[in-house]
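Before any comments, here is the structure.
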Amino acid sequence: MDPENLLPADLRQMIRAGQWQQPTSGACAGWVQANLVMLPKDYAFHFLLFCVRNPKPCPILDVLEPGVFSPNIASGADLRADLPKYRIYEYGEMKKEVSEVRDFFHDDTVSFLLGCSFSFERALLNAGVPVRNVEEGKNVSMYITNRPCASSGPFSCPLVVTMRPMTPSEAIRATQITTRFHLTHGAPVHLGDPTKIGIKDLSNPDFGDPVTVKKDEIPVFWACGVTSILAATSKQIPLVITHSPGHMFVSDLRDEDLTIL
């Protein structure tokens with residue numbers, strides 16, 4: 001079956017069975033994908049406050065009670081096993097990548113699901129706007145910028161962005177389209193010269209894969225939920241679980257359900 005035509009529940013079952021281990025860009029077209037952060041409840045309020053203060057990179061889709069792993073936005077899902085790849089951090093240091101986190105999830109673990117820009121890629125494609133990472137079968141390019149986020153308690157970090165190259169006219173159209181998707185990062189935060197936001201080399205992303213940028217194209221940057229990973233991996237926190245960049249949770253929400261009319 002074509003990955004873009006998969007239903008979210010079917011993809012989650014494939015992931016849980018170990019049959020899907022790659023990034024989720026291009027999968028389940030039209031369904032909302034989400035970033036995942038899991039951390040101890042003692043730090044949950046300040047992380048929630050960080051997200052509220054930084055809604056562009058960290059739009060909240062769901063927050064679960066401590067010890068709960070089935071989210072409201074996906075019936076029967078298990079956040080401990082329904083993402084293709086997770087990262088485990090201890091006191092700010094990444095220790096391993098794993099395919100499920102049942103052994104790391106505890107009764108005091110609080111899970112956050114945050115909007116992801118993969119969710120508006122289908123709207124761009126439907127409008128004839130290219131999405132290069134989908135075209136090339138790659139993970140989206142992600143970069144750490146020089147723009148600081150508003151801090152909260154132990155959580156502070158610079159903004160992370162995704163990049164998709166487009167012609168100037170395509171970038172204008174993409175801005176018009178994605179402005180409606182306010183819970184999946186909305187309009188771009190920067191167009192053009194990457195050095196203006198502290199990015200020195202587009203061919204060397206901090207996360208994800210480099211993609212082709214053609215001569216008549218400019219880089220277009222959207223706020224990225226990987227910002228939440230940088231924030232959550234404070235050295236003060238004994239255990240944090242996140243998705244591996246590009247390996248998202250696919251929910252039962254429709255993209256269009258979250259748009260501004």
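No value in this document is a laboratory result; all are computed from the given coordinates. The shown structure was predicted, so the numbers you read here are calculated from the model rather than taken from an experiment. For neighbour counting, all protein chains shown are included, and Cβ atoms are generated from backbone atoms with ideal geometry for every residue, glycine included.
Annotations
- Taking trypsin sites (Lys or Arg not before Pro) across segment 1-103, the ones in a DSSP loop with at most 10 further Cβ atoms lying within 10 angstrom of their Cβ are R102.
- Trypsin sites (Lys or Arg not before Pro) within segment 142-245, DSSP loop, no more than 16 other Cβ atoms inside 10 Å: K200, K214, K215, K235
- More than 27 Å apart - percent of Cα-Cα pairs taken over the chain: 31
- Size of charge dipole - the chain - debye, nearest 20, with Cβ of Lys, Arg +1 and Asp, Glu -1, no other charges: 620
- Here's how it looks for L159: its modeled amide H is under 5 Å from those of T145, R147, C149, which are all 5 or more places away or on a different chain.
- Placing a label point 7 Å from the Cα of S169 along the Cα-to-Cβ direction, the residues of segment 120-135 whose backbone N falls under 19 Å of that point are 124-132.
- Relative contact order %, segment 56-126, counting alpha carbon pairs below 8 Å whose residues are six or more apart: 39
- Between the alpha-carbon centres of segment 113-165 and segment 57-104 there is a gap of 19 Å.
- For segment 122-226, the convex hull drawn through the C-alpha positions has a volume of 102 cubic angstrom per residue.
- For the chain: relative contact order, % (alpha-carbon pairs under 8 angstrom, 6 or more apart): 31
- Expected-Rg normalisation [2.2 N^0.38 Å, Cα atoms] applied to segment 1-116: 1.07
- Computed helical MRE - 222 nm, the chain, DSSP H runs ≥ 4 contributing -39500 (n - 2.57), nearest 500: -5000 deg cm²/dmol
- Put a dot 7 Å past the Cα of Q19, heading toward its Cβ, do the same for N146, and the two dots end up 4.9 nm apart.
- Table column - 3J(HN,Hα) (Hz), segment 19-34, Karplus curve with 6.51, -1.76, 1.60, x for Gly and Pro: 8, 9, 10, 9, x, 9, 4, x, 8, 6, 4, x, 10, 6, 9, 9
- Simple label model, 7 Å out from Cα along Cβ direction - K41 to Y91, nm: 2.5
- The relative contact order of segment 122-226, computed from alpha carbon pairs under 8 Å that lie at least 6 residues apart in sequence, is 36 percent.
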